[in-house]
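Written below as structure tokens is the structure these notes are about.
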Amino acid sequence: MERPEIIQSTATFVAGEFASEGSGHDWFHIDRVRRMALRIGKAEGGDLFVIEMAALLHDLDDYKITGLESHVPEKAKGWLSSQNVEAEVASLILQVIEEVSYKGSDVETPVSSVESAVVQDADRLDAIGAIGIARTFAYGGHKNRLIYDPEIVPEMHDDFQSYKSSTAPTINHFYEKLLLLKDRMNTKTAKQMAAQRHLFMENYLQHFFDEWEAKG
Ligand code: NI
């Protein structure tokens, strides 16, 4: 199969897998990450086929979706071999997928290639700004979390286990993850976009707390 056909059949496969996903990791998230990753990749470099494929497959094996402990992208691996993607290219794509995920405020998530840097940035950009806010509350509702509880203070997580098992209200997630992301971007292109989205979230939180205190 030619590369454009592989992309097309991968998009169709992933769209089917994520059709009824209510936690904010739906097909449109995947498609936004794909488009953003291509935009950043065109500016920053990297193999666009690897970038686009990794973006399309990046959440297929995510623990938040599969409920599994392991983050080995088994499903993505199986899919790539079904599409006869060359072993060398497939292993690059899988490497990118493994490096994308956020694992807690104090847990390092280094990238080993420009393609990883690009896809990680695209996924993180989708976690902040107006869409990030919407997705965060959707995910909180999906997990039955409170919107906010003034008694429960945000907590920094220095290991993946404690981050993953957190049951804190959704507003805390802004402090435990979203507001930290602008300083975690790898590329110049993403840093610029993240700065705008960050300001928007700070503004949003200001309004949120003003309204909470009956000031706004
Ligand atoms: Ni994602």
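The values are calculated or read from the model by the stated rules, or taken from the named source; none is laboratory data. None of the values given here were measured: they were computed from a predicted structure. Positions of Cβ are generated from backbone atoms using ideal geometry, with glycine treated the same way; all protein chains shown enter the neighbour counts. Surface areas here come from the heavy atoms of the whole protein model, side chains and all, with no ligands, DNA or RNA. Shrake-Rupley method; radii C 1.70, N 1.55, O 1.52, S 1.80 Å.
Report, ordered by the first and then the second residue, all pairs with beta carbons closer than 6 Å, sequence separation of six or more or different chains, a first member in segment 13-28 that is under 18 Å from Leu125 (Cβ atoms), and a second member that is aromatic (Phe, Trp, Tyr).
Gly24/Tyr139; Asp26/Phe18; Trp27/Phe18
Are any residues in segment 12-69 at pLDDT 95 or above and either on the phi > 0 side of the Ramachandran plot or among the polar types (S, T, N, Q) (or both), and if so, which ones?
Passing the criteria: Thr12, Gly45, Gly46.
How many residues does segment 101-118 hold that are at negative phi, modelled with pLDDT under 95 and either touching a Phe, Trp or Tyr at 6+ places or on another chain (Cβ under 7 Å) or among the polar types (S, T, N, Q) (or both)?
Selection size over segment 101-118: 6.
Is it the case that segment 143-152 has a residue that's open to solvent by 50 Å² or more (accessible area, probe 1.4 Å) and either within 15 Å of the ligand (Cβ to nearest atom) or in contact with an Asp or Glu (Cβ under 6 Å, 6 or more places away or on another chain) (or both)?
no
Among the candidates Asp123, Asp183, which residue alone is within 16 Å of the ligand (Cβ to nearest atom) and either modelled with pLDDT of 95 or more or in contact with a Leu (Cβ under 8 Å, 6 or more places away or on another chain) (or both)?
Asp123
Only residues that are within 10 Å of the ligand (Cβ to nearest atom) and out of contact with any His (no Cβ under 7 Å at 6 or more places or on another chain): list them for segment 27-40, please. Show your work before the answer.
Initial filter on segment 27-40 (within 10 Å of the ligand (Cβ to nearest atom)): 29-30, 32-33.
Scanning segment 27-40 gives His29, Ile30, Arg32.
From the list Phe200, Phe160, which residue is surrounded by 12 or more Cβ atoms within 10 Å (Cβ to Cβ) and modelled with pLDDT under 95?
Phe160
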